[in-house]
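Enquirer: Structure provided below as structure tokens; questions to follow.
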Amino acid sequence: MSDDRIKDDSGEAGDTRRAPADPMEQVRELLFGEAKRTHEQNVQALEQKMDSMRAEFLSRFASLENRLSELSRETKQDQAQSIETIGSAISQLGDSLQTLGRQRKGV
């Protein structure tokens, strides 16, 4: 069986990545491998952060929608109560005017 691990300068096997068989691939790995892995880690970290921010945004948006619905219900209730109060006041004013009219006529 062959050892698939890359040997470091001391001759001990350390990393378990396979060494590229093609010499050009070995050169690419030496030149760009670490930068590529760092780049991939950065992209993965950004994706995780973006997912976290998306979840937080959706949570806040849902909370805002709930609050707007609540305010809408409260506004409609306040409006209905105001209309009822105004109607009652108009009715009382009408009664008062009728009473005053009767008093003027001497009824």
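The values are calculated or read from the model by the stated rules, or taken from the named source; none is laboratory data. This one's a predicted model, so the numbers in the text were calculated from it and none came from an experiment. No Cβ is skipped: glycine too gets one built from the backbone with ideal geometry, and neighbour counts run over all protein chains shown.
Enquirer: Would you please name the residue that is surrounded by the most Cβ atoms within 10 Å (Cβ to Cβ), looking only at residues in the stretch 4-39 that are outside any loop (DSSP other than H, G, I, E, B) and either at pLDDT below 50 or in contact with a Pro (Cβ under 8 Å, 6 or more places away or on another chain) (or both)?
Expert: As a first pass, look at the stretch 4-39 and keep what is outside any loop (DSSP other than H, G, I, E, B): 7, 13, 23-39.
Filter again for either at pLDDT below 50 or in contact with a Pro (Cβ under 8 Å, 6 or more places away or on another chain) (or both), leaving 7, 13, 26, 28-29.
On the way: Lys7: 12, Ala13: 12, Gln26: 13, Arg28: 13, Glu29: 16.
Only one residue tops the list, namely Glu29.
Enquirer: Let me ask something additional. Go through the residues of the stretch 69-77 one by one and say whether even a single one is surrounded by 10 or more Cβ atoms within 10 Å (Cβ to Cβ), modelled with pLDDT of 95 or more, on the phi < 0 side of the Ramachandran plot and under 18 Å from the mean Cα position of the chain (by Cα).
Expert: Checked the stretch 69-77: at least one residue is surrounded by 10 or more Cβ atoms within 10 Å (Cβ to Cβ), modelled with pLDDT of 95 or more, on the phi < 0 side of the Ramachandran plot and under 18 Å from the mean Cα position of the chain (by Cα).
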